[in-house]
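Note sheet for the following structure.
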Protein chains: 2
Amino acid sequence: MIRSVTTKFIMNTLDFAAVQAAAKRIAGHVRRTPVQTSQTLDRLAGREVYCKCENFQTTGSFKYRGATNAVGSLDPALAARGVVTHSSGNHGQALARAAQALGVPCVVVMPAAASRIKKDAILGYGASVVESGPSLTDREEVVKQVLAERGGAFVPPFDHPDVIAGQGTAMLELLEEVPDLDAVVAPIGGGGLISGFCIAAKGFNPKIRIFGAEPTGANAAALSKQAGERVQISTPTSIADGLLANRIGELTWPVIRDSVEQIFQVSEEQIAAAMRLIWERMKLVIEPSAGVGIAVILSEEFRALPGIKKVGVVLCGGNVALDKLPWKQN
Amino acid sequence: MIRSVTTKFIMNTLDFAAVQAAAKRIAGHVRRTPVQTSQTLDRLAGREVYCKCENFQTTGSFKYRGATNAVGSLDPALAARGVVTHSSGNHGQALARAAQALGVPCVVVMPAAASRIKKDAILGYGASVVESGPSLTDREEVVKQVLAERGGAFVPPFDHPDVIAGQGTAMLELLEEVPDLDAVVAPIGGGGLISGFCIAAKGFNPKIRIFGAEPTGANAAALSKQAGERVQISTPTSIADGLLANRIGELTWPVIRDSVEQIFQVSEEQIAAAMRLIWERMKLVIEPSAGVGIAVILSEEFRALPGIKKVGVVLCGGNVALDKLPWKQN
């Protein structure tokens, strides 16, 4: 059990009960996504593979679970002031939509240079957009200003107990459907998804094995595991744009350190090929970040692991620019 | 009820009982595909839309239903000699796979110039490939030769009672899940899918309304409805390559004539936009043929139809060349 840092608005514990409570809290708001399989994928992986389809989740990614749990956990007075974040990607959209669904105001801080499409998506979910400079420091500064002016709660993309517990609910559902999984593979950006998975999976079955998946160009978690402490990388680079974190979180790190058995790294070519395979054979639109987990499962190194008959993997999202695909058109 | 033409291997009737019998025959062999929905699609369509996801069907299209029912209906002596067809598209793959699953030999006649990928897919399902000249006459000639040499049953892509009854099982499943549909939209190539749908839907609820969907460049069914008799067109052309039939079938025509209320035509631009919308918002890889039904539902003409609160549509397949998409890459 990990006690969260105390902030001005949360003091929750982060354990299996928190994931179970999150599942109750978000039921009816969040989609129970299907688990899909493919004979071709099984053959290529050398074992049975169960894909949890969070690409079908509201807003197109698992982030909607954590966002809904975080917004739903706020006390009413704080909720009335609203929520704030500075992600313009999947978390920003998820938070905007979750806040809209629960009738809570939402502000998303975005670099002035962010694309029109991203701004429109956020605005379309009824949130306000406040512009900032391009760097993380610029964005954090504007978040502080917004909070100082109007109050409310900052909901970060991963390093937050309610967010982590929310992400863990996807794992609970997967295990309810396939209780005898031997192992699970999840991609790592800031670590919110995999730490939620660890807490949920180990609470369900302490023997289940958890593996992380990272692009070689965005391998902060793998380096941290090797070093035994959180490592910061300078410029994470990958087509898996959902996983571009400089380092994993303060809260997610100890969970990953203690509960993730091994973190595998895959190349851009492996990611694109895995993504394309899932599109072609399973007819699922997944984003490159979701291809990362599949690429690990298809890698020789992972295939060689003994004792794993059934492996689960999360197809974490399906938000991809259809006019910028990582393969050539003829 | 339509009595089928008598052939040397079939003398089945084509009615609701035939569809129910097909459902029993193919259970356990064919996937019960999910029905998926999207708030965005509902909003754009102006009503509730229920998508039957046959893109998830084995071999990536609904054709696997008809093929499995046709192969499963053969008497053992004929089955031992095998099945033959000359489609290298979705039906050819479906028949090869269905024959493999049921332990029946299969020959697919293909033009010598057909792509390596198509040949490999057929061979990968354990069928034999026999080459022919490029025209339909060439292919039919080779099918006759194969049947003369080795016997067996010709299973055409649509104009066959067992094939039609098999396709109707998708409609049965859709209605079991959403019994109060007011209308259904299905794309038309040779008419196998929609005539199976008509028989299944009208058997379930005589008041349900059935609408056809065709590309303007491949509109043999719409022209036939207008003329009151089967019309042949010279060169059907569309990105919806699953719907390129010169004319609809002898068996499917009377069903379409009597049970389809209206056939809507959509442009190539509408098809590509509808396909892209489903990829983007529902995260489903569908082929252009499946976009045709969606494009109709999104058209002003269809939106203006009164009295339809809930409409079902079949996403008929997901076999699309991912390196030849009908939109530009940036």
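The values are calculated or read from the model by the stated rules, or taken from the named source; none is laboratory data. Quick caveat: nothing in here was measured; it's all calculated off a predicted structure. Neighbour counts are summed over all protein chains in view; Cβ atoms, including those assigned to glycine, are modelled from backbone coordinates with ideal geometry.
Observations
- Top-ranked residue of region B:22-46 - restricted to ones that are closer than 16 Å to B:Met275 by Cα and touching a residue at least 60 places away in the same chain (Cβ under 8 Å), ranked as farthest from the other protein chains (Cβ to nearest Cβ): B:Ala45
- Residue satisfying all of: in region B:266-299; among the polar types (S, T, N, Q) and in contact with a Gly (Cβ under 9 Å, 6 or more places away or on another chain); nearest to A:Arg281 (Cα to Cα) among these: B:Ser289
- Some residue of region B:6-20 being under 20 Å from the mean Cα position of the chain (by Cα), outside any strand (DSSP E or B), closer than 30 Å to B:Glu300 by Cα and modelled with pLDDT of 95 or more: no
- Residue match in region B:165-172 (condition: within 22 Å of B:Asn69 (Cα to Cα) and free of Cβ contacts under 8 Å to residues at least 12 places away in the same chain): no
Table: residues versus (1) surrounded by fewer than 19 Cβ atoms within 10 Å (Cβ to Cβ); (2) β-branched (Val, Ile, Thr); (3) outside the structural domain of B:Phe302 (by TED's automatic domain parsing); (4) part of a helix (DSSP H, G or I).
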residue: B:Gln167; (1), (2), (3), (4): no, no, no, yes
residue: B:Ala170; (1), (2), (3), (4): no, no, no, yes
residue: B:Phe197; (1), (2), (3), (4): no, no, no, yes
residue: B:Ala213; (1), (2), (3), (4): no, no, no, no
residue: B:Ser234; (1), (2), (3), (4): yes, no, no, no
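- Of all the numbered requirements in (1) surrounded by fewer than 24 Cβ atoms within 10 Å (Cβ to Cβ); (2) farther than 19 Å from B:Ala17 by Cβ, B:Pro254 misses one, and that requirement is (2).
- Filtered by the rule that a residue be of a type in the set (Gly, Ala, Ser) and within 22 Å of B:Val255 (Cβ to Cβ), region B:138-192 gives B:Ala165, B:Gly166, B:Gly168, B:Ala170, B:Ala183, B:Ala186, B:Gly189, B:Gly190, B:Gly191, B:Gly192.
- Scan of region B:78-91 for residues that are part of a helix (DSSP H, G or I) and either under 22 Å from B:Ala18 (Cα atoms) or at pLDDT 95 or above (or both), ordered by number: B:Leu78, B:Ala79, B:Ala80, B:Arg81, B:His91
- Selected residue [surrounded by 14 or more Cβ atoms within 10 Å (Cβ to Cβ), without any contact (Cβ under 8 Å) to a residue 40 or more places away in the chain, outside any helix (DSSP H, G or I) and among the β-branched types (Val, Ile, Thr)] from B:Val109, B:Val49: B:Val109
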